[in-house]
C-alpha cells in the first residue's frame, strides 16, 4: 500500500490523467510480478473505491443528461451497435491470429461486465483463465491508454478540474464532518443496495443511485473533496494491479501480443465512432470519445471528471452499452453454444 501511495503521488505530480488510479495500478502489477503470483486483497477495498467514485460521479450528474440521451437516442444506439460489431470482429481475429478457440476469442472481446463473462465462459467450452487474462489485459490497456491520450489531445481542458465535486445549487453548506458522515452513509447504503439489487458493478452503481437521490433531495450542498476522490481511485487501482497473473500470462504470450495490437486498433476505431457522434450531435469531443470506450467505465468517469466533460452523459451512454450487453450476451452465448455443438456433431 505504501508503494501504491508513493506511485500515486508521483503520477499526480507528473500530471498524469487519473494519476491516483494509474500509479497504484502499476505499483500493484510490479508487486504481483515480484511476488510471482497474484496477491488478491480483501474485496471491501474495491467496493469502497468504486463506491467513492460513484458518489463523486453523482455530484457531477446533470438532470439535463437524461434529456440529451433521449434526444440523441438513435445515434447513441447506432454507435453502440457499431462498437459492439467492432468488438466481435476483433474477437474473430483474435481466435485466428492468437491461437485461442473461437468462443474464447469472442468472450474475451466483449467489453464490460468482465466478471459475468468469465463466469459463463466455461459453459461455452472456452478457457476461463484465458478469457480472464485477456479481458483484464483489455481493461488495463484501455485504462492506461485512453486517459493518457485524452490528456495529450486536450491539454487545455485539464486546467478546468476543480478541488472537489459539487452539485451546483443554491443550497447552504454544512460542516465537513457531517458532509463526510453523509458520504460514508451513502457509500455503505450504496454497496449494500447494489448487491441486493444485483446491479452490474454493484458498488459503483448502487452508490451512484443513492448519492444522486441524496444530493437531489437534501436541503444542503454536499461535496466530495478531491483527496477523498483520490483515495477512491487509489483503492480501485491497487486492487486491480495486484491481481495480475504473470505465470498464466506467459503461457498465452502469442494471444497477448495479438490482443495488445487489436485493442490498440479497437481503441482507434472507438475514437472514430466517438468523433462521428460528436460531429452528428455537437456534444463536446472529450465527452463523445469517452462515452464509447471499450470498457473501463470507472476510469473513464474519473477521466471525464478531471477533464471537465459531462460525466453524467458518459455514464448514461456507458450504462446503456453495459445494460445492452447484459441483455444480449446470454442469448448470444446460447446461440453460439448450439452452433458449436452442431459443428462438433457434423465433424464427427
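Laboratory data are not the source of any read-out in this text; all were calculated from the coordinates shown. Treat the numbers as computed from the prediction; the structure is a model and nothing was measured. Here Cβ is always computed from backbone atoms with ideal geometry, including for glycine, and neighbour counts include all displayed protein chains.
What to note about this one:
- Inter-centroid distance (Cα atoms) of region 258-315 relative to region 188-214, Å: 24
- Relative packing of peptides 183-192, 266-275, 71-80, 237-246 - highest average C-beta neighbours within 10 Å first: 237-246, 183-192, 266-275, 71-80
- The Stokes-Einstein estimate for region 199-284, based on a Kirkwood radius over Cα pairs and taken at 25 °C with 0.890 mPa s viscosity, is a diffusion coefficient of 140 µm²/s.
- With the simple spin-label model, which puts each label point 7 Å out from Cα in the Cβ direction, the residue 181 to residue 197 separation comes to 2.6 nm.
- Three principal axis lengths of region 185-332 [C-alpha, angstrom, descending]: 56, 42, 38
- With kT/(6 pi eta Rh) evaluated at 10 °C and eta = 1.306 mPa s, and Rh the Kirkwood radius from Cα pairs, region 1-48 diffuses with a coefficient of 142 µm²/s according to Stokes-Einstein.
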